[in-house]
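The structure under discussion appears below in the form of structure tokens.
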Amino acid sequence: MDHPDHLPRLPAACYRGTAWVHWTITLHDRRTGWLDDSMHQFFRELLLHAGARYHLHCPAYCLMPDHAHVLWMGIAPHSDQLLAMRFFRRHWNSRLKPPQFKLQPQSHDRVLRQPECQQDSFEDTVLYIRQNPERAGLVKSWQDWCYGGTIVPRYPDVPIFPAAEFWGRFWKLHQGEVRRYHDSPENRRPNDGCEEKR
């Protein structure tokens, strides 16, 4: 049964395949005090498992004192971000050790539309996520914030900055993985009807 306070979502098809989605996951009552190096390491490992299991790349994530941002990009026809987020939230909630800390009942999401998927616009979205601590006054420069990064399964050496080096490597890896999955006959699947809405 749906939670009465849940926000409406787009059709499930819009979160599958090569969808790009910006997720915001907030702590219940915006509680603080849970964020430390150990939790960050667990968060990274969980992103890696979710990415490998559901075929997702994460060009940017950022942990803030009372919430987190995750940007996921599907790379395969069978990628499913709703299932991935359900998996992610279940395991993160277990580590948070309720009732002192737990996640709000629903994550907020923004499925990126076609104009937002253009390279310049998308790179602006990534920078926006990374600059959250700077805008909040937690650090002078977002590069100094130690609770953010990128997760590309099978490629642990993707640099976060300088930007030119990051994007040069990331786009090459991402496009290569998408081609690898979509060129495989057993992975081909008809368009689910959401792509044209992006």
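Odds and ends about this structure:
- Boolean, residue 121 is under 19 Å from residue 46 (Cα atoms), of a type in the set (Ser, Thr, Tyr) and either part of a helix (DSSP H, G or I) or in contact with a helix residue (DSSP H, G or I) (Cβ under 9 Å, 6 or more places away or on another chain) (or both): no
This table checks each residue for (1) small (Gly, Ala, Ser); (2) outside any helix (DSSP H, G or I); (3) farther than 30 Å from residue 138 by Cβ.
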{"position": "10", "(1), (2), (3)": "no, yes, yes"}
{"position": "45", "(1), (2), (3)": "no, no, no"}
{"position": "68", "(1), (2), (3)": "yes, yes, no"}
{"position": "93", "(1), (2), (3)": "no, no, no"}
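- Given (1) touching a helix residue (DSSP H, G or I) at 6+ places or on another chain (Cβ under 7 Å); (2) within 23 Å of residue 133 (Cβ to Cβ); (3) not charged (D, E, K, R), number of the condition residue 74 does not satisfy: (2)
- Condition check for residue 142: surrounded by 11 or more Cβ atoms within 10 Å (Cβ to Cβ), in contact with a Gly (Cβ under 8 Å, 6 or more places away or on another chain) and either within 20 Å of residue 21 (Cβ to Cβ) or at pLDDT 95 or above (or both): yes
- You will find that of 50, 60, 84, the residue that is of a type in the set (Gly, Ala, Ser), crowded, with 21+ Cβ neighbours inside 10 Å and under 25 Å from residue 137 (Cβ atoms) is 60 and no other.
The values are calculated or read from the model by the stated rules, or taken from the named source; none is laboratory data. Model, not experiment: these values are computed from the prediction. Backbone-built Cβ (ideal geometry, glycine too); neighbour counts: all protein chains shown.
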